Structures are given as C-alpha cells and as structure tokens.
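I have placed the structure first, in the form of structure tokens, so that the comments after it can refer back to it.
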C-alpha cells in the first residue's frame, strides 16, 4: 500500500514539475512565439497568451480574474479530487475492480496544485497551446482532460459490475424501493471514503 501511494505521489510531482517547466519555457520564449508561433501539427501551435479571465468558467460567467475566488476554487477542487480517490477505491474494493483510473485522477491533482501555486503568486496563468478554432490551453488543461477521459472510460467496467449486481439484489422491488436501495448503497460508499480501509470489509459484508 505504501509503495502504491509513493507511486501516485511521484507521478503527481513529476506532472507538476513538467507543467512548471513548460510554463517557464513559454514565458522565456513569449515574445518570439507571439511573433512567430511554432507549429506542432496542422491544428496545434505554440502561441502564449496570458489568461486574464481567471478560468474558462470565469470567462463564461463574466466574473473575470478574482484571485481569492480562484484560490478557493482550487482548494475545493483538491478536496474533491482527494475524496474521489477514496470513493473510487471503495467502489473498486467492493466490486473487485482495478483502480488504474486513479493515475488519471493524479493528473487532475497535479493540475490543481499547479493552478493553486500560480494564483498564490498573484500572476495570470500562461496558456501556450493554441488549438485552431478551440482556444489556447496549457499542460494542466491537458491533465484535466485526461482525468475526465479516464473517469468516463472507468465507468464502462464499473457499470458492467454495478448493473448486474443491482438487478440481482433489487429483483421484485418497486421502482421507489429500488431507488431507495441504491441510495443506501451509495451512502455506504460515501461513508467508506471517510473511514480507514481496514473497516471496509466490515461495512461491505451485509451488501455482498
């Protein structure tokens, strides 16, 4: 278990440092790449732009760069990601699923930590990957995309275990009873995310 946690910590650290290195490189070549963007593919080029909107959501809502709100959002995002790790591990333990998707969640954590420290410094995020017709992004944005994609892929085998289990254990129940049963099961996983893993088997016993 300790070795597994260390692997996740190392991955987060490496991704975080890569994001810093990429941002620093874009900063050093800011004028050069603005004047003459570097084409990576037909649709992707290096073209640095400071994100003075704060985030995509802030830009959409017209909030703009409000530093304390952005920092608060990063703290809440990190808390949600750490909870997600525990929640996925609990579901994986119950259904006997491998949790390789947690490495994708590591990408999201690295992105959030990078954003947090950038905003603590009181500077704008520097985006530098310009996708034609889709806007300008940075490496942490790519990390977040990988996290979302990984979670969507993980839902396929999870549903493959979840659906037969629910069908078997709610046979003969009314729709309302099924909803109540599934809600209680979800509550077990939510509770498991906040207790030591050594207690999971005891919690799961009556649901097996």
Study note, to complete from the structure: For helices (runs of 4 or more DSSP H) lying entirely in the stretch 1-110, having 3 or more residues that are closer than 16 Å to residue 143 by Cβ picks out 2-28, 67-95
Check your understanding: Which of the residues belonging to the stretch 130-154 are surrounded by 14 or more Cβ atoms within 10 Å (Cβ to Cβ) and either within 9 Å of the chain's Cα centre (by Cα) or assigned to a helix (DSSP H, G or I) (or both)?
Key -> 139, 140, 141, 142, 143, 144, 145, 146, 147, 150, 151, 154
Review point. When the stretch 155-191 is examined, which residues are found to be under 28 Å from residue 103 (Cα atoms) and surrounded by 14 or more Cβ atoms within 10 Å (Cβ to Cβ)?
Key: 157, 158, 161, 162, 165, 166, 182, 185, 188, 189
Check your understanding: Does the stretch 120-128 include one or more residues that are farther than 30 Å from residue 42 by Cβ, part of a helix (DSSP H, G or I) and in contact (Cβ under 8 Å) with a residue 40 or more places away in the chain?
Key -> yes
Review point. Among the residues of the stretch 143-150, is any in contact with a strand residue (DSSP E or B) (Cβ under 9 Å, 6 or more places away or on another chain), without any contact (Cβ under 8 Å) to a residue 40 or more places away in the chain and under 30 Å from residue 34 (Cα atoms)?
Key: yes
Point to revise | The listed residue being touching a helix residue (DSSP H, G or I) at 6+ places or on another chain (Cβ under 9 Å) and surrounded by 12 or more Cβ atoms within 10 Å (Cβ to Cβ), out of 89, 34 | key: 89
Exercise for review: Considering only residues that are surrounded by fewer than 13 Cβ atoms within 10 Å (Cβ to Cβ) and part of a helix (DSSP H, G or I), look in the stretch 192-206 and name the one that is nearest to the chain's Cα centre (by Cα).
Suggested key: 197
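Coordinate-derived values only; no laboratory data. Just so it is clear, the model here is predicted, and its values are computed rather than measured. Backbone-built Cβ (ideal geometry, glycine too); neighbour counts: all protein chains shown.
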